Amino acid sequence: MDIIILLVVLVGSLGLAIIFGRYIARMIIYEKRPLEKTLGRVENGFYKIIGVDRYEQMTWKQYFLAMVITNVIAAGFLMAVLLYQNDLPLSPKPGLSFDLAFHTASSFVTNTDLQHYAGEQQLSIFSQMVGLIFMMFVAPASGIATAFAFIRGFIRKEFGLGNFYVDFTRIIITLLLPISFLSALLLLFLGVPQTLDPTITMNTLQGGTQTIPIGPVASLESIKELGSNGGGFFYANSSHPFENPTGISNVFECILMLVIPLSFPIAYAHLLGKGRGISILATMLIGLGVMFALGFSEQSGPTGLETRFGSFGSTLFLESSVGTNTGAANAALTGMAPNAVIGFFLGMFVQAIPGADGTGMMMMIIFVVLTLFLVGLMVGKTPEFMSMKINPRDVKLAAFVFLIHPALILIPTVMAYTTENAQSILGEKTTPATFTQVLYEYSSASANNGSDYLGTSANTPFWNWSTALIMLLGRYAPIGLMLAIAGSFTLRDRKEVVEPIKTSGFLFVGVLSVMVFILTALTFFPFLAMGPFSM
């Protein structure tokens, strides 16, 4: 039965990815889509409202600046909602502290959704629906848009990377909204509630009554999984029966998390060659397979796991969630076996198996550039990619993208211990388990993942400010560098040359997979040895 469930998730995700991949490819090159006239009229109305010229092209700097400005405005709005939710309608609650509000706004705008608060206890319906759900569209749309621009850098010459505002609008209106709406309807059918009532009163078996928090859960849950968000309506996240009621909803939510990340290699195949796209997809699936193999190699729980999912269902969901940088959880991480936790770290360290919506594909291309450079050194040839030379500047930028991640994990981990902020919430004695929790917190923040051990115990000024800073740097620094690489490729001559290794086929898949894991192991293995390997 477990094998059948795994096949349903993989086949269902890949089947939908083929459909959405073709649609995403059309969006990237502005090719006609189904219902183009109707969609065009709706989009044009929004362009007029915001004053955008749909034909204006942007350089990589303009594109990145437009994304940052849009995200800053959205984060400011969310922060204001959280600070003053006591003055807003729909079950008002006391406003959050400034550091927690800043942390939450930074978390959601960076597509991380790391939660240091208990949603049903501390947030109003208005904050969840108007604040968080709104941001759950803004964050993934920003990541997908930058992936559009990044891919255009390899297929355009001296024409710009597109227009962020146009891409951002089209992604929300014609991709995220329709799919999340249909997904919310299906979740409603599966038992996930959707209401503006803040609570529901139930009769207990003892003859009394119990008041249970409730709200617009289905609409949040659908975009939470589809958009690689991960922030739950309830503190218990997807282990709560209102967010994830049954084994069927568990499977459906796994598919939702995987579909868009797996769609990007399909879109890449349509635009830049079937072999190249399928090879990248195969590399992503190999990495995901390693994560699954680690997770299924040991029995997790039963402590910390929901009985309706068990070890297999919990592991399947969490590996899918962490692999896609979603961060949603249907079980407590403390209940997962050490090998499963190692799999989670692997997904957060690589960030591209398959990674978050849009940004996972970008990170995999960075690994491709680094692989071609290293192979070029081995055979004594200048690295080439898609008939374009990879110059030293490209390699340096790609190396910076790769090295930023470990720096943002390891430096604050050391600081948390030297300032004794780790000991203050985990106890004076440092053990492999407590070190794992601190390392995991910053790995999750830097990878814009959002799953964590600490939860509300990390709601202190140090942890709120430090993880907020890491989330912001972990999101925008790599994206800026990757767009710079794409911008440089738009100026590059395209000539038919022999690549040091052909970027398609079984050999390339093998070399790329090995390079990804070697680079990751060399960077992070000592810290894994101190943490989950010693648990």
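The values are calculated or read from the model by the stated rules, or taken from the named source; none is laboratory data. Bear in mind the structure is a predicted one, so any value in this text is a computation, not a measurement. Cβ coordinates were reconstructed from backbone atoms using ideal geometry, including for glycine residues, and neighbour counts include every protein chain displayed. Each accessible area value is taken on the protein alone, full model and side chains, heavy atoms only, with ligands, DNA and RNA left out. Shrake-Rupley method; radii C 1.70, N 1.55, O 1.52, S 1.80 Å.
The figures follow:
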{"item": "Potential lengthening between Thr209 and Val68 on full extension [0.36 nm per residue; Cα-Cα distance subtracted]", "result": "45.9 nm"}
{"item": "Segments 199-209, 480-490, 381-391 sorted - mean Cβ within 10 Å per residue, highest first", "result": "480-490, 381-391, 199-209"}
{"item": "Distance-filtered residues of the range 172-209 - backbone nitrogen under 18 Å, label point 7 angstrom along Glu31 Cα→Cβ", "result": "175"}
{"item": "The range 439-510 shape via C-alpha gyration tensor axes, a/c threshold 1.5", "result": "oblate"}
{"item": "Burial ranking of peptide ranges 44-56, 299-311 (average Cβ count within 10 Å, highest at the top)", "result": "299-311, 44-56"}
{"item": "Flagged links, alpha-carbon separation over 29 Å, of Lys61/Lys396; Lys48/Lys389; Lys157/Lys224; Lys48/Lys495", "result": "Lys48/Lys389; Lys157/Lys224; Lys48/Lys495"}
{"item": "Solvent-accessible area per residue, Å², over the range 383-503 with all protein chains present [probe radius 1.4 Å]", "result": "38"}
{"item": "Kyte-Doolittle mean at least -1.0 and Cα axial length at least 24 Å: DSSP H helices in the chain", "result": "2-28, 60-83, 133-155, 247-272, 274-296, 359-379, 392-418, 461-489, 506-530"}
{"item": "Interchain or long-range residues, amide H under 5 Å from Thr199's placed H", "result": "Ile214"}
{"item": "Fraction of accessible area attributable to carbon and sulfur, the chain (%, probe 1.4 Å)", "result": "69"}
{"item": "Cα pair distances exceeding 22 angstrom across the range 171-320, given as percent", "result": "51"}
{"item": "Debye equation applied to the C-alpha atoms of the range 100-152, log10 I(q)/I(0) at 0.17, 0.29, 0.31 Å⁻¹", "result": "-0.55, -1.15, -1.23"}
{"item": "For the range 1-107: accessible area per residue (Å², 1.4 Å)", "result": "56"}
{"item": "Ser457-Lys396 pseudo-label distance in nm [points 7 Å out on the Cα-to-Cβ vector]", "result": "4.4"}
{"item": "Taking the chain and dividing mean pair separation by its residue count, relative contact order in percent (alpha carbons under 8 Å, at least six apart)", "result": "20"}
{"item": "Average silhouette area of the range 1-133, convex hull of alpha-carbon atoms, in square nanometres", "result": "12.6"}
{"item": "At q = 0.07, 0.08, 0.11 Å⁻¹, base-10 log of I(q)/I(0) for the chain (Debye sum, equal scatterers on each alpha carbon)", "result": "-0.36, -0.48, -0.93"}
{"item": "Cα shape, the range 241-298, gyration tensor, a/c 1.5 rule", "result": "oblate"}
